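Values quoted throughout were computed directly from the atomic coordinates according to the rules given, and no laboratory measurement underlies them. Bear in mind the structure is a predicted one, so any value in this text is a computation, not a measurement. Heads up, the Cβs are rebuilt from the backbone with ideal geometry, glycines too, and the neighbour counts pull from every protein chain shown.
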Amino acid sequence: MNPCPVYEKKSGTVFLFFICVRTHVTEWQQIKSGRNAARLSYVSSQDGGRTWSQLTDLTDQVIGEDLKNWATFAVGPGHGLQTSGGRLVIPAYTYYIHKRCFGHSLRCWTKPHCFIFYSDDLGQTWVQGQLLKNLRTTECQVAEVSSQGRPQVLYCSARSPDKNRAEAFSVDHGDRFEEYFLCKELCEPPHGCQGSVVSFIPPLQSLGLDQTKHTGESTHLLGLRFASASVENSTSWLVFSHPTNRCKRKNLGIYLNTSPLDKGCWKSPWTLYEGPCGYSDLAVCDEGRPLLFGCLFECGVSRECEEIAFQLFTGAELLRNVAEECPCAPSSSEERPL
């Protein structure tokens, strides 16, 4: 369950993480009883997925004694990340038992929190990061945000039962997420839904943005008002996919954020698919030009998971379809929170 691959560039190895759960044991049964039935597992491939290794169970080695306080846990789903420094990152979440009574878990004190598993030795050994305990968060994905002259920041987007998407930032490559909040621009349908996020450095010419004119401290690019500092400092941009309807899982939207380290900078979404939709996963095709994105997603006519579809779109298509004005365009002198 919950497949979450990550590609290690140096060795050319794909690690496919997932959880194994005993037959007929549901997530709700684990949360209700406080007894975890999930195992942290992976297989790997060194030939692009043609053949795979035997299963490796990391549960005891990586989680160990912490498992006694976990009602259950899972990874992803979607994709992991290799940072610019080489760290392999697998997003994850657990239902953590904050309190027990006479040895039994209390459901009202069992809350979901996201975190990451990571490896700094090309996948030979794995470590568990710290839980983001200040927000209720489940399924999540991460992206690395870069800005010239600043340390790399790991951005986490997580599913939340609190009506809006949760966002968190880490300056230590994911061991701890210290800045966090609910994002009012990114709504959740009832009970929430998984979403996907990727980052990229905008290559202006391949986006069709080589024609620019300056007005004050801002730059007008294809009718979009961005901070000139973001372009000049090669700040990463974020792309996010998620159902846009607050009432049901419907109308898959593609969101753009041109200033990820500032609050409130998600632009109104471009609807990639109209109708019932569910989980999705984004990828940046970083070889060749023009800049190309891929989106794999659940969709249907009457139900959200009737089929799985895949659609490619270019960076220029994305910019043409997002809203006219960016809601947040700080000047080059404005301080960022991280």
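Would you list which lysines come within 27 Å of Lys263, measuring only between C-alpha atoms, while excluding same-chain residues fewer than 8 positions from it?
Cross-link targets: Lys111, Lys133, Lys163, Lys184, Lys213, Lys248, Lys250.
For the stretch 82-134, what does the relative contact order come out to in percent, with C-alpha contacts under 8 Å and a separation of six or more?
Relative CO of the stretch 82-134 lands at 34 percent.
Mind ordering 3-9, 87-93 by average Cβ neighbours within 10 Å, highest first?
On the way: 3-9: 17.9, 87-93: 25.3.
For the peptides 3-9, 87-93, the packing ranking is 87-93, 3-9.
Can you order the peptides 147-157, 70-80, 297-307 by their average number of other Cβ atoms within 10 Å per residue, highest first?
Most protected by this proxy first, the peptides run 70-80, 147-157, 297-307.
Rounded to the nearest 0.05, what FRET efficiency do His104 and Asp175 have when you use their Cβ-Cβ distance and R0 = 22 Å?
The calculated FRET efficiency here is 0.10.
Taking Cα pairs under 8 Å and at least six residues apart, what relative contact order does the stretch 1-122 come out at, in percent?
26 percent
Can you tell me which of 118-128, 166-176 comes out highest on packing, and rank the rest after it, using the mean Cβ neighbours within 10 Å? Can you show the working numbers first?
Values: 118-128: 15.8, 166-176: 20.7.
Ranking the peptides 118-128, 166-176 by packing returns 166-176, 118-128.
How big is the stretch 11-107 by the Kirkwood estimate over distinct Cα pairs, in Å?
15.0 Å
How much net charge surrounds Asp175 when only the other residues with a Cβ under 13 Å from the Cβ of Asp175 are counted, with Lys and Arg +1 and Asp and Glu -1? Present the calculation step by step, with values, prior to reporting the outcome.
Numbers: positive: Arg87, Arg176; negative: Asp120, Asp172, Glu178.
Spelling it out: positives minus negatives among the neighbours equals -1.
Of all DSSP beta bridges located in the chain, what percent are antiparallel, nearest 5?
If we restrict to bridges inside the chain, about 100 percent are antiparallel.
Percent relative contact order of the chain, based on C-alpha pairs within less than 8 angstrom and at least six residues apart?
Values: 876 pairs, mean separation 35.9, N = 338.
Here the relative contact order equals 11 percent.
Please report the net charge: other residues with Cβ closer than 14 Å to the Cβ of Leu131, K and R +1, D and E -1. Don't skip to the end; give the middle numbers.
Numbers: positive: Lys111, Lys133, Arg136, Arg176; negative: Asp66, Asp175, Glu178.
It works out to a net charge of +1.
Net charge near Cys305, counting Lys/Arg +1 and Asp/Glu -1 over other residues with Cβ under 11 Å of its Cβ?
Numbers: positive: Arg249, Arg303; negative: Glu298, Glu304, Glu306, Glu307.
Spelling it out: positives minus negatives among the neighbours equals -2.
Put a dot 7 Å past each Cα toward the Cβ at Phe310 and His24; how far apart are the dots in nm?
3.7 nm
Treat the count of other C-beta atoms within 10 Å as a stand-in for reagent exposure and order Trp266, Trp52 from fewest to most.
Trp52, Trp266
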